Each structure stands twice: as C-alpha cells, then as structure tokens.
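Below: one structure, written as structure tokens.
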Amino acid sequence: MPFLLDLFAQALNGLSYGVLLFLLSVGLTLIFGMLDVVNLAHGSFYMLGAYAGLTLIAASGSFWLALAVAPLVVGVIGVLIERSCLRPLYWRGPLDQVLLTFGLIYLFEDLVKWIWGGRIRSIPPPDLFSGSVTLWGATVPSYRMFVIAFGLVMAMVLWLLIERTRLGAIIRAGVFDSEMAAGMGINVDRVFTGVFAFGAGLAGLSGVIAGPIQSAQPPMGATILVPALIVVVVGGLGSLKGSLVGSLIIGQAETFGKAWLPGASMLIIYLVMALVLLLRPQGLFGRALK
Amino acid sequence: MIVRWVAVAALIVGAAVFPAFAGKYPVKLLQEILIWGIFAMSLDLLMGYAGMVSLGHSAFFGVGGYVAALALLKSPGVASGLLLPAAAAALAALVIGYFSIRVSGVYFIMLTLAFSQMFYAVTFQAAWLGAEDGIVGVPRLNALGLDTAKPLAFHLYLVVLIAVGALALFRIVRSPFGRVLRGIHENEARMEAVGYAVDRYKLLAFVIAGTVAGVAGSLYTQFVGSITPDAFLWTTSGEALLMVIIGGTGTLAGSMLGAAAFILLQSLVSSYTERWMLILGLTFILLVLFAPGGVVGALRGRVGIRS
C-alpha cells in the first residue's frame with residue numbers, strides 16, 4: 001500500500017507540473033501556429049510573470065490580485081515586443097525572429113537581476129491553500145490541488161474559446177493559413193499581436209502559479225523553456241490537443257524520474273522526446289512536416 | 001590570391017609571435033579569442049553554409065571539454081588532448097545529428113537546443129563528473145617533446161592547431177562538398193531532385209562542425225584548466241551564435257572577427273558594469289533588426305540576408 005500511495009502522490013505532483021507546462025506550451029504552440037515564430041523568450045515571460053506577481057503580492061498582500069494583474073502586465077510587454085521587434089521581421093522568415101527572441105532571453109534575465117536581485121525569492125501560497133489535504137490516505141499540499149484544478153479549468157476554457165467561439169475560429173483560421181485568413185477580410189495584424197500577447201499573458205499566469213511551488217529566481221525562464229519546447233515537440237507544434245497531452249506526459253515523466261531515478265531524472269524527458277521523434281517526427285498531434 | 005595567402009600567413013605568424021610584444025593579459029585574451037573563434041567558425045559552417053541554425057552547438061564544445069579533462073587527468077598525451085575529444089564530439093554529433101536533421105527550420109533549432117541542455121542536465125547530476133563543480137586541476141597536454149604547461153609552448157600549440165583547423169574549414173567550404181552545402185542552403189528540394197543525398201551531406205556537415213567544436217572545447221579545458229556543466233549551457237551556444245552574427249553568417253573569417261569583437265568588448269565592459277548580459281541581449285536584438293548581414297555584411301553594403 002505505501003507504494004501505491006507514493007505512486008498516487010507522485011502522479012498528483014506530475015499532474016500539477018503538467019498543467020503548468022500546459023499553460024506555457026499553449027502560448028508557444030499558438031504563437032508558432034500563427035506567426036511561425038518559436039518564441040524562445042516564452043520562458044522569460046514566465047519569469048516576468050513570477051516577478052510581477054512577487055511585487056504585486058508585496059504591494060497589495062493579495063495573491064489573487066497578483067494572479068489577475070501579473071498576466072496583464074506580461075501581456076502588455078508581449079504587445080510591445082511583438083510590435084517593436086517581431087513585426088519588422090515577418091517578411092524575413094522565421095530564423096531571424098527566433099534569433100531575436102533568443103536575444104530577449106539575455107535581456108530579460110539581466111533586467112530581472114537588475115530590478116529584483118539575483119537571489120531566490122519565495123512566493124507564499126494564498127492563505128486559502130496554505131495547508132495540505134489528505135486524499136485517499138496521501139497527503140498533498142492543497143495548493144497543488146488548486147493548481148491542478150485551475151489548470152484543468154483553464155484547459156477547458158481555452159478549448160471552448162478556440163473551438164467554439166468566433167474569435168477562436170479566427171485564430172484557427174490564422175493558424176491554418178494566415179494569408180488566406182487575411183484574404184477573407186480578417187485583420188491578421190491585430191490577431192497576430194493579440195495572439196502573441198495572449199500567449200505571453202498565459203506564460204505570465206503560469207509564472208505566478210509556479211511561484212509558490214518553485215520560487216522565483218532569474219534563471220527560471222531559461223530553465224523552464226526546454227521542458228516547454230520538449231512538450232511542443234512531443235505534442236506537435238501548432239496543436240492545442242498536442243500541447244495538453246504533451247504537457248501531461250512530460251509532467252509525469254519528469255516527476256517520476258525525480259522520484260525513482262534521482263541520478264538520471266533529468267534524462268527521462270529527453271528519452272521520451274527521442275522516442276516520439278523516432279516514431280512520429282511531427283509529434284503526436286502535429287501536422288506532417290515540410 | 002597570392003595577396004590573400006600572404007595576409008593569412010602574416011596573421012598566423014603575427015598571432016604566434018604576439019607574446020614577444022605583449023603582456024600576459026593581452027596574450028590570454030588572444031588565446032581566448034582564438035579558441036572561441038574556431039568554435040564560432042565551426043558553427044558558421046553549419047549556419048552560414050549548410051543553412052542549419054543550431055542553438056545546441058555547446059553540446060560538442062562541452063563533450064570535447066569533458067573528454068579532454070577526463071583523459072588528460074589519466075595521461076597527458078596527444079590522444080587525450082586531441083584525438084579522444086575530437087572522436088567523442090564527432091560521435092555525439094553523429095547521434096544528435098541523426099535525430100535533428102530529420103527536421104528543419106524551427107524544429108531543428110528546438111531539437112539542438114534540447115539536446116545540448118540534456119548534456120547540461122546529465123553533467124549537472126553526475127557525481128563522477130564532479131556534478132555542478134565540474135572537473136578541476138586538468139593538466140595541459142605534454143607530448144611529442146612539447147610541454148604545453150609552459151606558457152609559450154601552449155601559445156604556439158594553440159596558434160598552430162587553430163590555424164590548421166581554420167584553414168581546413170576554409171578548404172571545406174570551397175570544396176565541392178562545401179558547394180553542395182550551399183546548394184542545400186539555397187534550395188534543398190532542388191538539390192534532392194538533382195540527385196544529392198541531402199541528408200547525408202547535412203549529417204556530414206553536422207559531424208564536421210561538431211568535431212571542430214569538440215577540439216575547441218578541449219583547448220578551452222586546457223586553457224582554463226577546468227570544465228564545468230556551464231560549458232553545455234545555452235549561453236555557450238548563444239555566445240558563439242552572437243559571434244557568428246556579429247561577423248556575418250557565411251563568412252567564416254567573420255566569425256573569428258566576431259569572436260575578437262565579443263571578447264574584447266566583454267573584457268572592456270565588465271570592468272565598468274555588471275550588466276554584460278543586458279548588453280549581449282541588446283546587441284543580439286539590434287544586430288538581427290538592423291544588420292542581419294553582420295558587421296562584415298554591413299561593411300560590404302549588403303542589405304538583407306537569405307533566411
């Protein structure tokens with residue numbers, strides 16, 4: 001029984017990490033689908049979200065306010081970045097844009113060090129979820145249960161938004177073929193900016209949510225980027241479903257790796273990625289390549 | 001043509017006799033420039049010629065560095081300092097390349113980045129590799145009557161080796177093989193259609209670049225006397241990438257100039273401010289936005305670059 005309990009507790013940990021990755025990778029995958037840009041600064045938005053959350057909590061004392069406002073702040077930064085840096089490069093093809101977002105990682109990481117200092121800052125969970133709950137005999141921090149529930153609700157909302165609303169249809173049209181969408185009278189420029197800001201905001205949101213679990217520290221943006229990229233490689237770029245399934249797989253793989261193979265835990269997710277690439281190079285739900 | 005060869009010879013001789021005129025610190029800077037320069041040149045072979053933008057070139061730099069550290073601690077021979085690191089880096093490039101060249105564009109970028117961070121993760125956790133402290137106290141190569149623990153011997157060894165590596169790279173990009181790579185860069189489908197085994201050419205380019213990067217990593221370990229997981233970190237790839245971009249992709253010599261500009265700027269800036277990363281990031285962004293051909297490209301008055 002203790003084995004099963006441990007298994008269950010680990011699975012919950014993996015699930016909470018997985019939904020966190022989902023909130024991040026959704027933005028990555030939508031931005032890619034729409035703008036053809038792999039936004040390497042996506043992890044930086046996550047970091048900015050965590051630090052904006054830190055400051056907002058310190059100023060207002062409310063975690064919930066931070067959770068609502070920090071993503072907006074990061075979204076605005078996203079608008080500025082898209083308008084000033086990415087827009088001039090659209091005609092030049094994706095590689096220059098990727099390089100530019102790579103430069104942004106340096107910029108944001110050093111800015112954060114400058115403003116908030118380089119040391120680790122912990123973000124306390126909201127009072128409501130500061131304890132722990134016992135679930136079928138396993139003790140789990142209640143904050144983690146909140147993260148899981150929040151993430152799953154967000155996944156549902158996103159799915160409804162993208163699959164069931166007019167705005168979602170416009171986004172899907174843009175992801176599928178942005179030139180055609182423009183031809184049908186959709187203001188693609190505005191949708192581009194909107195999607196980029198939306199993705200950035202979601203990354204900021206996951207940064208705030210991750211705060212109480214992982215603390216805020218400057219390299220966090222670059223550190224989370226790789227698992228998020230692996231998620232989209234595994235799930236398939238440009239696919240919402242792939243992003244969800246990929247996140248859940250990678251979340252579990254990394255968590256169980258840490259628990260059961262402490263010496264090689266970080267290797268597991270790469271093995272998963274290599275396996276998927278061998279069997280399905282375009283990812284589980286990706287469109288065929290080239 | 002003759003003018004060019006005389007200039008190249010003058011540069012090599014100049015680098016070799018530099019310690020006779022300069023103090024310890026400038027010599028160290030020159031050595032650092034040479035090591036990073038050859039590393040950046042190997043990346044330029046991939047980026048500028050084969051059109052494969054890799055964000056994971058640090059993988060081979062680190063593999064070369066770690067293998068050299070382990071081997072040199074056992075025996076300071078040529079095998080330890082050069083052959084083993086080169087072979088290990090080539091093998092790593094073969095495996096990573098096998099997976100990565102099946103895809104192109106942004107997928108290739110993501111994969112190479114992920115693979116290099118895999119090495120970071122592994123070395124960071126591996127107790128037998130010193131985990132996050134890495135391997136320290138690595139002796140320099142001592143073979144064939146050359147004891148590179150002596151500063152002058154090390155300098156000459158470095159200059160000769162890097163000159164050979166650089167000339168080999170120049171030779172490669174001007175060879176029929178190099179022209180095929182350029183053809184793939186221009187139009188992969190067409191090269192495939194006229195009968196070139198595109199994937200095999202790309203893999204070979206990847207392995208050559210990886211091997212040279214491995215030698216650079218080995219030299220870096222011998223230069224510093226230690227190696228840490230940071231060698232694998234994305235910042236290592238990023239710095240090499242920036243050197244290539246500063247110099248202009250597809251110029252080879254530009255990469256060496258880029259390395260020089262980068263390292264001189266770094267040593268200058270870091271004595272005034274701690275915000276070096278910020279400056280790096282801004283340089284990256286401004287270059288991509290306004291001088292996509294790099295400094296060499298801008299000087300040539302070339303506008304825009306193939307993507």
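Every number in this text was worked out from the coordinates using simple rules, so none of it is lab data. Owing to the predicted nature of the structure, the values given are computational and were not obtained by experimental measurement. Virtual Cβ from ideal backbone geometry, glycine too; neighbours counted across all protein chains shown.
Miscellaneous remarks
- Listed peptides A:43-51, B:87-95 by packing density, highest first (mean Cβ within 10 Å): A:43-51, B:87-95
- Among residues other than B:Leu141 with Cβ under 15 Å from its Cβ, the summed charge is +2 (Lys and Arg +1, Asp and Glu -1).
- Partner chain coverage, peptide A:84-96 - average Cβ within 10 angstrom: 4
- Counting Cβ atoms of other protein chains within 10 Å of each residue's Cβ and taking the mean over peptide B:45-53 gives 1.
- Calculated FRET efficiency for the pair A:Leu128/B:Ser104, C-beta based, R₀ 30 Å, to 0.05: 0.05
- The stretch B:221-236 and the stretch A:61-79: distance between their alpha carbon centers, rounded to Å: 38
- Per residue of chain B, the DSSP helices (runs of n ≥ 4 H) give a summed -39500 (n - 2.57) that works out to -23500 deg cm²/dmol at 222 nm.
- Computed magnitude of the charge dipole of chain B (debye, nearest 20; Cβ of K, R +1, Cβ of D, E -1): 760
- Per-residue Cβ neighbour rank within 10 angstrom, fewest leading, B:Arg140, B:Arg171, B:Arg4, A:Arg121: B:Arg4, B:Arg171, A:Arg121, B:Arg140
- Measuring between their Cα centroids, the stretch A:176-213 and the stretch B:22-54 lie 38 Å from each other.
- Which of B:Leu252, A:Met156, A:Leu80, positive extreme of dipole for the protein assembly as shown (C-beta unit charges): B:Leu252
- Partner aspartates and glutamates whose Cα lies under 14 Å from the Cα of B:Lys24, excluding those fewer than 8 positions away in the same chain, are identified as B:Glu32.
- Cα-centre dipole for the stretch A:1-141 with unit charges at Cβ (Lys and Arg positive, Asp and Glu negative), debye to 20: 240
- The loop-placed chymotrypsin sites (Phe, Trp or Tyr not before Pro) in the stretch B:1-88, going by DSSP, include none that has at most 13 neighbouring Cβ atoms within 10 Å of its Cβ.
- Distance between the stretch B:167-217 and the stretch A:249-290 - C-alpha centres, whole angstrom: 30
- Figure legend: label point modelled 7 angstrom from the Cα of A:Arg121 along Cα→Cβ; residues of the stretch A:190-214 with amide N under 17 Å from it are A:204-214.
- Residue among B:Ala197, A:Leu240, B:Gly62 farthest towards the positive dipole end of the protein assembly as shown, charges placed on Cβ: B:Ala197
- Other protein chain C-beta atoms within 10 Å of residue C-beta, averaged over B:98-104: 3.
- Remark: the stretch B:230-237, residue by residue, has Karplus-estimated 3J(HN,Hα) of 4, 4, 8, 5, 4, 5, 4, 4 Hz, where x stands for each Gly or Pro and the curve is 6.51 cos²θ - 1.76 cosθ + 1.60 at θ = phi - 60°.
- Environment charge of B:Gly195, counting only residues whose C-beta is closer than 15 Å and scoring Lys/Arg +1, Asp/Glu -1: 0
- Label sites at B:Ser75 and A:Glu179, each approximated as a point 7 angstrom past Cα along Cα to Cβ, lie 6.2 nm apart.
- Ascending count of other beta-carbon atoms within 10 Å, so fewest first, for A:Val208, A:Val272, B:Val194: B:Val194, A:Val272, A:Val208
- Cross-link pairs beyond the 32 Å C-alpha cut-off, checked among A:Lys113/A:Lys241; A:Lys113/B:Lys28; A:Lys113/A:Lys258: A:Lys113/A:Lys241
- Cα gyration tensor shape for chain B, rounded if a/c is under 1.5, else prolate or oblate: rounded
- Sorting A:Thr134, B:Thr221, B:Thr236 by the number of Cβ atoms found within 10 Å of their own Cβ, with the fewest placed first, yields A:Thr134, B:Thr236, B:Thr221.
- The peptide list B:177-187, A:176-186, put in order of mean Cβ contacts within 10 Å with the highest first, becomes B:177-187, A:176-186.
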